[in-house]
Amino acid sequence: MAQAWCFGEYHPEGTRSKDGEIHNFKAGAFLLAKDAGVPILPIVLDGTTTMVRRGWLMNWGNHITIKVLKPISKEEVAERDVKDVMAEVHERMVAALAEVRAEKNK
């Protein structure tokens with residue numbers, strides 16, 4: 001049996017955050033993961049709000065911190081209610097963002 005790989009980037013809020021905070025999630029990306037039978041890999045980015053300046057000019061001096069969190073297996077995604085998975089991922093991402101920012105401010 002052939003195995004295929006697929007990558008997709010989804011903003012669980014439905015769009016990029018304009019203020020750098022994590023807002024309420026929408027179910028779309030989580031429903032897609034459940035329907036496709038794939039795991040969810042939460043990734044937290046900090047520092048992206050100053051990456052693009054007015055007029056879509058890139059701020060090449062910008063520093064971005066990326067934190068990859070523990071994935072939720074495709075089996076767990078399939079078994080659990082989408083709202084429960086959303087709540088867990090949201091909680092983990094908010095906590096991870098706070099840790100990243102605390103580390104930056106040391």
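The values are calculated or read from the model by the stated rules, or taken from the named source; none is laboratory data. The model shown is predicted, which means the values in this text are computed figures rather than measured ones. Because the Cβ atoms are built from the backbone with ideal geometry, glycine has one as well, and the counts that use them run over all protein chains shown.
How many residues are among the hydroxyl-bearing types (Ser, Thr, Tyr) and either within 22 Å of Trp60 (Cα to Cα) or modelled with pLDDT of 85 or more (or both) if we restrict to the stretch 4-49? So the answer is 3.
Here Val38 meets the list (1) on the phi < 0 side of the Ramachandran plot; (2) outside any helix (DSSP H, G or I); (3) exposed (fewer than 14 other Cβ atoms within 10 Å of the Cβ) almost entirely, failing just condition (3). Of all residues in the stretch 53-80, how many are closer than 20 Å to Arg101 by Cβ and not hydroxyl-bearing (Ser, Thr, Tyr)? Result for the stretch 53-80: 10. The numbered conditions (1) touching a residue at least 40 places away in the same chain (Cβ under 8 Å); (2) within 12 Å of the chain's Cα centre (by Cα) are all true for Val85 except (2). Here His90 fulfils each of the conditions (1) surrounded by fewer than 14 Cβ atoms within 10 Å (Cβ to Cβ); (2) touching a residue at least 12 places away in the same chain (Cβ under 8 Å) apart from (1). Within the stretch 62-87, take every residue that is in contact with a helix residue (DSSP H, G or I) (Cβ under 9 Å, 6 or more places away or on another chain), surrounded by 12 or more Cβ atoms within 10 Å (Cβ to Cβ) and of a type in the set (A, V, I, L, M) and give me the one that is farthest from Gly47 (Cα to Cα). Checking each candidate, the answer is Ala78.
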